[in-house]
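Here is the structure we will look at, set down as structure tokens.
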Amino acid sequence: FNKTFRQSYTLFENHYNQISILEILRAKLTFERFPGYENVKVKFDLLKSIIVQEEISWKTSLSNVKGIYLISDLSNGKKYIGAAYGQNAFWNRWKEYVNNGHGGNKDLKELLLKNGSKYTVNYQFSILETRSMNAEDEEILKRESFWKDILLSREFGYNKN
């Protein structure tokens, strides 16, 4: 269903002829448990479902460490390196991407403006490095810069700073 109006709610009676049922699940949608920080490789649509459903093993794990993450654009291979720190670190940071598709990054904003919000289907999230929640934010930012240098994401990716 493609909503083309500003109204925050919809009345089924007014739109039922535009809605298609794609699948009816026999059981509640479930997710695989959090696979461990070194094994995170999750596409945007799955991450969105995990965040919206607040899957507990993912939420707990992603909220309890700071660190560095990688967003890969599967359509062209470009990379974006980001840092997760502050309260609920990865969980809150990735939730921003789920909410707006760009997490505040200038290049990702432009990409979505040019290609539309559905472009996020090309994003894949992974974790490069974790630190304890006691780590200083400055340390996390230094490690983010290190990974940008190593993966050349300023030169060939979506990092400009």
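Observations on the structure shown:
- About the Cα centre, charge dipole magnitude for the chain (Lys/Arg +1, Asp/Glu -1 at Cβ), debye: 320 debye
- Within straight-line cross-link reach of residue 79, aspartates and glutamates at Cα separation under 14 Å, skipping those fewer than 8 residues along the same chain: 107, 144, 149, 155
- For residue 150, neighbours were defined as the other residues whose beta-carbon sits under 15 Å from its Cβ, and their charges (Lys and Arg +1, Asp and Glu -1) total +1.
- Expressed as a whole percent, the accessible area of the range 52-155 that falls on carbon and sulfur atoms is 48 (1.4 Å probe).
- Measuring r between the beta carbons of residue 121 and residue 16 and using R0 = 25 Å, the FRET efficiency lands at 0.40.
- Model label sites at residue 149 and residue 33, defined 7 Å from Cα along the beta-carbon direction, differ in position by 3.9 nm.
- Stokes-Einstein translational diffusion, the chain - Kirkwood Rh over all Cα pairs, 1.567 mPa s, 4 °C, in µm²/s: 75 µm²/s
- Solvent-accessible heavy-atom area per residue, rounded to whole Å², over the chain at 1.4 Å: 66 Å²
- In this simple spin-label model, placing a label point 7 Å from the Cα along the Cα-to-Cβ direction at both residue 53 and residue 87 gives a separation of 2.7 nm.
- Max mean-square fluctuation residue, GNM over the chain, Cα-Cα springs under 10 Å, options 54, 139, 23: 23
- Spacing of the two label points (7 Å from each Cα toward its C-beta) at residue 100 and residue 64, in nm: 3.0 nm
- The range 118-149 and the range 65-117 have Cα centres separated by 10 Å.
- Relative to its residue count, the range 19-73 spans a Cα convex hull of 116 Å³ per residue.
- Helix 106-115 vs. the chain, principal-axis angle (Cα, 0 to 90°, nearest 10): 30 degrees
- Taking Cα atoms only, the orientation of helix 137-151 departs from the longest principal axis of the chain by about 90 degrees.
- Proximal lysine pairs, the range 102-161, alpha carbons under 21 Å, eight or more residues apart or interchain: 11
- Selection among 134, 92, 11 by position relative to the dipole of the range 1-155 gives 11 as farthest towards the positive end (Cβ unit charges, Cα centre).
- Cα long-axis angle, helix 44-53 against the chain (0 to 90 degrees, to the nearest 10): 70 degrees
The values are calculated or read from the model by the stated rules, or taken from the named source; none is laboratory data. Just so it is clear, the model here is predicted, and its values are computed rather than measured. Cβ: placed from backbone, ideal geometry, glycine included. Neighbour counts: every protein chain shown. Ligands, DNA and RNA are excluded from the accessible area calculation, which covers all protein heavy atoms including side chains. Shrake-Rupley method; radii C 1.70, N 1.55, O 1.52, S 1.80 Å.
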